[in-house]
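The values are calculated or read from the model by the stated rules, or taken from the named source; none is laboratory data. This structure is a prediction, so every number in the text was calculated from the model and none was measured. Positions of Cβ are backbone-derived with ideal geometry, glycine not excepted, and every protein chain shown enters the neighbour counts.
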Amino acid sequence: MINSILAKEEKCIVWTSFIENVDYFNRSYSQIGTVKIHGGMKITERNRSVEKFRLPEYKVLFATPASAKEGLTLTEANHVIFYDRGFSLDDYLQAQDRIHRISQTKTCYVHNIIARETIDEWIDVLLKAKQNAASLVQGDMSLEEYKLKADYSFGDIVKEILNIQDCQEELL
């Protein structure tokens, strides 16, 4: 995915919830011009990474949402890739908003990597349910629309992932 983005001469931000992933990806992709931001870095280091990312030779930013989610404009990129996501709808939306700004001139893309039959599926359904509920409460969606979109199957997904049925049978 990163290579196809770079082939179009575009930049991307790869979000992950784990500092270890940020460090690993930054090392692994360093030959293509990468920078990183995470909570284990000093503010001066984070600011230096942002300054570098604005330069043409740096193509990919690896970051954790908690360390780079608010008050940061990164319109040099027009792709965000979520390698993994946490349970916070706010973190997810704020991370997307780093590239969605008035000054953005390119079409923005949000890519979610979701492995089948994993917690990733559950988090995806859960975040969509939270987003729909927020839209309803804010008046951005009618109750009728909400009823059509509401999906609470994340409970079923968790049961499947954990093989709850098998576990219950074993306990008996």
Residue 111 farther than 23 Å from residue 163 by Cα, modelled with pLDDT of 90 or more and of a type outside the set (Gly, Ala, Ser)
yes
Within the stretch 54-64, is there a residue that is within 17 Å of residue 94 (Cβ to Cβ), small (Gly, Ala, Ser), at pLDDT 95 or above and under 16 Å from the mean Cα position of the chain (by Cα)?
yes
Take the stretch 26-58 and flag every residue that is in contact with a helix residue (DSSP H, G or I) (Cβ under 9 Å, 6 or more places away or on another chain) and in contact (Cβ under 8 Å) with a residue 24 or more places away in the chain.
29, 32, 33, 34, 35, 36, 37, 38, 39, 41, 58
Per the list (1) on the phi < 0 side of the Ramachandran plot; (2) surrounded by fewer than 16 Cβ atoms within 10 Å (Cβ to Cβ); (3) not assigned by TED's automatic domain parsing to the domain that holds residue 85, residue check on residue 139 breaks on (1)
Which condition number does residue 107 fail, the rest of (1) surrounded by fewer than 17 Cβ atoms within 10 Å (Cβ to Cβ); (2) part of a helix (DSSP H, G or I); (3) among the hydroxyl-bearing types (Ser, Thr, Tyr) being met?
(2)
Do any strands (runs of 3 or more DSSP E) lying entirely in the stretch 34-102 carry at least 1 residues that are farther than 20 Å from residue 113 by Cα, and which ones are they?
34-37
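Yes/no per residue for (1) in contact (Cβ under 8 Å) with a residue 60 or more places away in the chain; (2) more than 19 Å from residue 5 (Cβ to Cβ); (3) over 10 Å from the mean Cα position of the chain (by Cα):
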site	(1), (2), (3)
86	yes, yes, no
99	yes, no, yes
102	no, yes, yes
118	no, yes, yes
For the subset of the stretch 12-50 comprising residues that are touching a strand residue (DSSP E or B) at 6+ places or on another chain (Cβ under 7 Å) and basic (Lys, Arg), which member is surrounded by the most Cβ atoms within 10 Å (Cβ to Cβ)?
36
Would you say residue 48 is among the basic types (Lys, Arg) and under 30 Å from residue 156 (Cβ atoms)?
no
List every residue pair whose Cβ atoms lie under 6 Å apart, where the two residues are 6 or more positions apart in sequence or sit on different chains, the first residue falls within the stretch 127-149 and is touching a residue at least 24 places away in the same chain (Cβ under 8 Å), and the second residue, located anywhere, is among the hydroxyl-bearing types (Ser, Thr, Tyr) and surrounded by 11 or more Cβ atoms within 10 Å (Cβ to Cβ).
127/92
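Okay, residues lined up against (1) over 13 Å from residue 17 (Cβ atoms); (2) of a type in the set (A, V, I, L, M); (3) not assigned by TED's automatic domain parsing to the domain that holds residue 16:
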| residue | (1), (2), (3) |
| --- | --- |
| 41 | yes, yes, no |
| 85 | no, no, no |
| 93 | yes, yes, no |
| 100 | yes, no, no |
